[in-house]
Amino acid sequence: MQLTRISIIGGGIGGLSAALSLQHFGYRVSVFEQARELREIGAGVAISPNAMHALNFLGVGERVTREAGPAERYLMRHFQTGAVINTRWTGPDYFERFGASYHQVHRADLHATLAAAVLRNDPDCIFLDHRFETLRQDHKHVVATFANGKTCTSDVLVGCDGGASKVRTCLFGDEAVNYTGKVAFRALLPIANVPAGIMKIPYAMFVGVNRNLLHYPLRHRTMLNVVCFAREPNWQEEGWMIPATIDECVRLHDDFHQDVLDLIRAVTPGTLFKWGLRDREPLQQYTKGRVTVLGDAAHPMTPFLGQGACIAIEDAMVLGRAFAVAGTFEEAFGIYENTRKERANGVQLASRQQADEVQGATERGPNPGAGAELRGLYSYNPVTVPLAPAGDMTPV
Ligand SMILES: Cc1cc2nc3c(=O)[nH]c(=O)nc-3n(C[C@H](O)[C@H](O)[C@H](O)COP(=O)(O)OP(=O)(O)OC[C@H]3O[C@@H](n4cnc5c(N)ncnc54)[C@H](O)[C@@H]3O)c2cc1C
């Protein structure tokens, strides 16, 4: 296909994966990121076999695997007694079952690995301090405008600008967004600061009605990733960098096992962050003319299945494959959207369902929910999944 200019808005996990995939299939891309430096938040991210297939294919799986270290099964524990109520395998046998492994990775490591690979292909393709504001498109091209006053003209544009995507708003207008009444907290602790009670079972999720807390080691057990979800009826901001206090987190978990309270109190003040979880309805279409959306911009999902980044990586793999086989950009976007929409929107809805399950209760008490593996999500391979026909796409 004769396309010379592909713009990607957003240099997160989705945008960089899309850049790498398109580069792999011979396309030149420009990535526009609002931040002044290329970096990720300090937190863990679980990369399951469905996404590892793509990372392996794109040549970065080995480094991600090396930096993450092996993953272990984690135990679901009763929030008050600490008793083990279930086991989640994240295990060594995944390679045989799914053809790829499972890793818990520091987000910064995954992000840096993707960025290095993209820049190796083209050292000048990432533009920092470019906050996308708006776009216009016609039958010849699409023009993006940035807050720094610059513009960029390209043949097509891919919006990878996250859950509160401005590209999505430009295409489809402001959609309804609900604060779910759920607030999430995250922290990273040096392993030396982690209370001994937690280190006895370092991979675990404490499951309680309306609340759950997950922790697992990162970087070869040198730090512990902690994420917890609670109910907070007061409106909470969206965004992953909102400072939280230890006291407010303790208050929301004050009936949890003493080990959990000790863990929250061990977090260094100033390193605990929170955000309010939004839930948006799935998009009926991802593409309009020369512009499409990918990752959280296309299907923002609550984090209860730990699949948002994995699904963004799947999207990126399929987008590259679509451009590799299509004769026109319309066909490429049609193949991408038709191959991805059912899968990605389905996971978006399943994440909502998982939130209700895991934060609900059964007659037997707290409920571990089905989880991503039991829902069959790991069996998808974006490198080999058959591509859907393009169909008719919405013109410019
Ligand atoms: C605590 C937590 C735990 C999670 N755990 C997991 C997990 O275990 N496994 C998993 O698969 N997923 C997980 N997720 C979800 C996952 O992190 C997201 O789904 C993933 O980051 C989506 O990637 P993205 O690139 O689409 O969006 P983002 O990561 O949000 O990246 C968007 C990028 O676009 C940039 N940007 C935004 N607006 C503009 C603009 N106007 N102009 C230019 N640039 C812009 C941003 O700065 C950012 O770099 C978790 C999420 C959270 C919050």
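The values are calculated or read from the model by the stated rules, or taken from the named source; none is laboratory data. Since the model is a prediction, treat every value here as computed from it, not as a measurement. Cβ atoms come from the backbone with ideal geometry, glycine included; neighbour counts cover every protein chain shown. Accessible surface areas use protein heavy atoms only, side chains included; no ligands, DNA or RNA. Shrake-Rupley method; radii C 1.70, N 1.55, O 1.52, S 1.80 Å.
Quick notes
- Residue tally, condition over 23 Å from Leu377 (Cα atoms) and either under 20 Å from the mean Cα position of the chain (by Cα) or of a type in the set (A, V, I, L, M, F, W, C) (or both), over the stretch 66-110: 6
- The stretch 124-139 residues that are under 19 Å from Gly173 (Cα atoms), paired with ones that are open to solvent by 50 Å² or more (accessible area, probe 1.4 Å) and at pLDDT below 95 (beta carbon under 7 Å, 6 or more apart): Gln137/Val396; Asp138/Val396
- Listed by position, the strands (runs of 3 or more DSSP E) contained in the stretch 1-77 that have at least 3 residues being open to solvent by 20 Å² or more (accessible area, probe 1.4 Å), within 12 Å of the ligand (Cβ to nearest atom) and farther than 11 Å from Leu110 by Cα form an empty set.
- Residues within the stretch 316-350 that are crowded, with 24+ Cβ neighbours inside 10 Å and of a type in the set (Gly, Ala, Ser), tallied: 5
- Among the residues examined, Phe132 does not qualify as under 22 Å from Glu373 (Cα atoms) and hydrophobic (A, V, I, L, M, F, W, C).
- Some residue of the stretch 55-76 being free of Cβ contacts under 8 Å to residues at least 24 places away in the same chain and either touching a Phe, Trp or Tyr at 6+ places or on another chain (Cβ under 8 Å) or hydrophobic (A, V, I, L, M, F, W, C) (or both): no
- Some residue of the stretch 317-336 being touching a strand residue (DSSP E or B) at 6+ places or on another chain (Cβ under 7 Å) and over 20 Å from Leu55 (Cβ atoms): yes
- Residue in the stretch 54-77 that is basic (Lys, Arg), in contact with a Gly (Cβ under 9 Å, 6 or more places away or on another chain) and at pLDDT below 95 present: yes
- Boolean, Val250 is assigned to a helix (DSSP H, G or I), buried (at least 16 other Cβ atoms within 10 Å of the Cβ) and in contact with a helix residue (DSSP H, G or I) (Cβ under 7 Å, 6 or more places away or on another chain): no
- Residues (within 11 Å of the chain's Cα centre (by Cα) and acidic (Asp, Glu)) located in the stretch 263-313: Asp296
- When residues of the stretch 288-315 are limited to those that are open to solvent by 10 Å² or more (accessible area, probe 1.4 Å) and near the ligand (Cβ under 6 Å from one of its atoms), the one nearest to Arg186 (Cα to Cα): Pro303
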